[in-house]
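**Q** Quick one: the structure is below, and I'll ask about it shortly.
The values are calculated or read from the model by the stated rules, or taken from the named source; none is laboratory data. Since we're looking at a predicted model, the values are computed, not measured. Glycine gets a Cβ as well: all are built from the backbone with ideal geometry, and neighbour counts include every protein chain shown.
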Amino acid sequence: MTTLTTSPLAPLLEHLFEQADKATSPGLAALSREERDRLFHSKTEYRNFYGLIKDLWLPVSRRTGELLYMLARASGAREIVEFGTSFGISTLYLAAALRDNGGGRLITTEFEPDKISRARQNLAAAGLADLVEFRQGDALETLVADLPGSIDLVLMDGAKSLYLEILYILEGRLRQGAIVIADDADACPEYLGHVRAPGRGYMSTPFSEDIELSMRAC
Ligand SMILES: C[S@@+](CC[C@H](N)C(=O)[O-])C[C@H]1O[C@@H](n2cnc3c(N)ncnc32)[C@H](O)[C@@H]1O
């Protein structure tokens, strides 16, 4: 029996994935494919882009969620940082792993206030709110202070154009053996270039559904 596979979390996740599937975005529908692509990759207009599509949940898949839970459990993670909370689906998987590891802290950050508020409710409904510290604002600002001295696991799932900048902020605190999971990493070639380059201190491999799985090796 695990927190992930039992009530209240298991039925809650089913319900949330159903809700996520139903969400639509007038903001996204109004954008041309070219404009969508440009904003998605922009390093300066990501705030505008995610504001336009704020009705979408954009959650990790169930498989990726299970992978997050397994990686956090297998590594015995106690200190986790998440970039990109949205409605808190990935947060639920990671917080469940912390609970089953015996406790810890998950710092998660999101700039849409309505999303943070819904994520808070979801974590409370799962009985996992005590493990999560929500930081509202741009991760480039919210993650620069008050971080754990040693980070065990990072999930990158916010604006793809910022993955490398966020990694630079966290890098000095990653413990040896720390795991970094980057969702939709193909959208961020400069990030992939860094974690895959010899001599940068990582082992890294593409893994499942557009994930880059990296480990801080030294
Ligand atoms: C792909 S969604 C995250 C999905 C979430 N991890 C889940 O599985 O439910 C990306 C989220 O990151 C947020 N975001 C993007 N860039 C951000 C930034 N620089 N700072 C804070 N939040 C950001 C967006 O508003 C959006 O809600």
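**Q** When only residues in segment 78-108 that are among the β-branched types (V, I, T) and in contact with a strand residue (DSSP E or B) (Cβ under 9 Å, 6 or more places away or on another chain) count, which is nearest to L16 (Cα to Cα)?
**A** If we take residues in segment 78-108 being among the β-branched types (V, I, T) and in contact with a strand residue (DSSP E or B) (Cβ under 9 Å, 6 or more places away or on another chain), then T91 is nearest to L16 (Cα to Cα).
Residue-by-condition table, conditions (1) under 14 Å from the mean Cα position of the chain (by Cα); (2) closer than 25 Å to K43 by Cβ:
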| position | (1), (2) |
| --- | --- |
| L68 | yes, no |
| D100 | no, no |
| L106 | yes, no |
| R120 | no, no |
| A126 | no, no |
| R135 | yes, yes |
| G149 | no, no |
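**Q** If we scan segment 151-158, do we find a residue that is buried (at least 21 other Cβ atoms within 10 Å of the Cβ) and of a type in the set (D, E)?
**A** Yes, segment 151-158 has at least one match.
**Q** Residues that are more than 19 Å from L123 (Cα to Cα) and crowded, with 18+ Cβ neighbours inside 10 Å: does segment 36-43 have at least one?
**A** yes
**Q** Return the residues of segment 1-35 that are farther than 30 Å from A97 by Cβ and exposed (fewer than 12 other Cβ atoms within 10 Å of the Cβ); say none if nothing qualifies.
**A** Within segment 1-35, T24, P26, A29, A30, S32, R33, E34 qualify.
One line per residue, one yes/no per condition, for (1) closer than 25 Å to V195 by Cα; (2) touching a strand residue (DSSP E or B) at 6+ places or on another chain (Cβ under 6 Å); (3) modelled with pLDDT under 95:
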residue: E66; (1), (2), (3): yes, no, no
residue: G76; (1), (2), (3): yes, no, no
residue: E112; (1), (2), (3): no, no, no
residue: K115; (1), (2), (3): no, no, no
residue: A145; (1), (2), (3): yes, no, no
residue: S150; (1), (2), (3): yes, yes, no
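**Q** Still on this structure: Hey, does segment 159-170 have a residue that's among the acidic types (D, E), more than 12 Å from the ligand (Cβ to nearest atom) and farther than 12 Å from R105 by Cβ?
**A** Scanning segment 159-170, I find no residue that is among the acidic types (D, E), more than 12 Å from the ligand (Cβ to nearest atom) and farther than 12 Å from R105 by Cβ, so the answer is no.
**Q** When segment 128-155 is examined, which residues are found to be near the ligand (Cβ under 9 Å from one of its atoms) and not acidic (D, E)?
**A** R135, Q136, G137, A139, L140, T142, L143, L155
**Q** Can you tell me which residue is farthest from the ligand (Cβ to nearest atom) among those in segment 171-203 that are hydrophobic (A, V, I, L, M, F, W, C) and farther than 23 Å from A74 by Cα?
**A** A197
**Q** Starting from residues that are at pLDDT 95 or above and either farther than 19 Å from T64 by Cα or among the acidic types (D, E) (or both), keep the ones in segment 199-214 and report whichever is surrounded by the fewest Cβ atoms within 10 Å (Cβ to Cβ).
**A** Per the criteria, the residue is M203.
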